[in-house]
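Nothing in this text is a laboratory measurement; each read-out follows from the coordinates by a stated rule. As the structure is a computational prediction, the values presented were derived from the model and not from experiment. Every residue, glycine as well, gets a Cβ built from its backbone with ideal geometry; the counts of neighbours run over all protein chains shown.
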């Protein structure tokens with residue numbers, strides 16, 4: 001999550017040695033296992049216990065974006081914004097930095113019990129873990145060999161594959177295509193499991209509806225990629241043992257013994273600036289250098305190898321937001337036609353989903369994210385969707401299995417809309433009424 005919610009968005013990071021993945025969410029998963037070629041690598045046994053979370057829940061006097069940015073830059077992971085104040089998670093060191101920056105701390109307490117899911121909920125078996133995601137992707141590719149193919153864009157810190165499903169009628173695997181390209185990504189942040197299931201199940205829905213005339217037309221004319229898990233190591237760690245670990249980052253073991261780099265602060269455009277942390281223990285630690293992590297290196301190399309990509313959407317949870325660049329600057333993008341296209345598209349997709357559209361830096365600045373890099377460096381129209389729910393009080397990162405179908409349904413029309421516009425996203429600015437493909441019908 002990019003931390004732009006008007007309400008809550010819990011960002012937790014466990015601090016311990018890497019754990020082995022739990023092969024199912026709760027022992028009652030779908031039963032679908034990955035074929036041998038897609039199996040996760042062996043990893044160390046999960047520890048019998050996990051260290052206590054030493055982070056604090058802090059409330060800071062912050063009535064404007066400048067003060068909120070100062071809190072984020074100090075290493076506070078902002079999760080809730082209300083009139084005159086922000087709340088979120090901070091290490092004791094981040095709290096000290098916030099005080100040193102002159103911020104007024106209203107309270108700093110141990111994380112409230114009500115913000116911690118306890119036992120691993122059986123109802124969440126519907127979510128896909130790494131093995132199940134890999135198996136589902138392979139199944140989709142096998143069932144539609146004329147259109148779909150599956151390949152790895154690279155390896156993670158723990159040597160898992162980062163799988164990409166491709167839907168393209170004239171090219172398979174990594175072969176080049178001249179058709180307009182679009183990329184959908186999920187799970188930059190480990191605990192955001194819904195951000196995996198939404199693109200995965202939307203891809204499945206595209207194939208299930210491929211005989212619908214309008215969907216068929218889009219599939220015939222586009223080069224579509226779905227990378228459902230950018231951070232499978234972190235995702236597996238988050239569900240290891242007997243409870244969720246509220247883990248945000250990847251699985252790098254840092255020099256100070258803390259765990260992980262925030263992958264969505266590790267991209268190169270504006271890396272190292274405001275709204276990201278230089279301190280490894282913080283939730284928004286940006287890493288030792290831009291693209292220091294194998295996961296972000298893999299995404300970078302993949303995007304750079306796809307000259308036909310015009311559009312990119314990165315799914316996160318939660319807050320119900322439609323976000324566009326810049327995130328690292330309060331200024332609007334310089335390209336006036338592109339800016340108008342972004343604004344028109346954001347408003348349209350906001351109407352489709354019920355999410356709030358805004359420039360990413362609308363609440364505070366955060367540097368080093370994917371979409372600033374993909375737009376700033378590559379000129380790709382780039383989006384971040386913060387999925388349901390709106391707040392931690394409505395389920396936060398763990399909203400239950402009932403959230404899956406509703407989120408997929410809410411995001412179906414925006415997916416079709418972006419695929420339709422991928423031939424020329426700027427035409428949304430020139431003739432917005434003609435770019436309403438996804439409003440006409442919804443298979």
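So here's what we get for this one:
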{"quantity": "Packing-based order for 130-143, 328-341, using average beta carbon neighbours within 10 Å, highest first", "calculated": "130-143, 328-341"}
{"quantity": "Cβ-derived FRET efficiency at R0 60 Å, residue 106 paired with residue 304, nearest 0.05", "calculated": "0.85"}
{"quantity": "Cβ-derived FRET efficiency at R0 35 Å, residue 278 paired with residue 214, nearest 0.05", "calculated": "0.10"}
{"quantity": "Relative contact order (%) - criterion: Cα under 8 Å, at least six apart; region: segment 185-316", "calculated": "27 percent"}
{"quantity": "Alpha-carbon Rg/Rh ratio, for segment 117-440, with Rh computed the Kirkwood way", "calculated": "0.94"}
{"quantity": "Peptide ranges 419-425, 398-404 listed from the most packed, as the mean C-beta count within 10 angstrom indicates", "calculated": "419-425, 398-404"}
{"quantity": "Sorted by Cβ neighbour density within 10 Å, fewest at the top, the residues 296, 311", "calculated": "311, 296"}
{"quantity": "Over segment 117-440, relative contact order from alpha-carbon pairs under 8 Å, at least 6 apart, %", "calculated": "19 percent"}
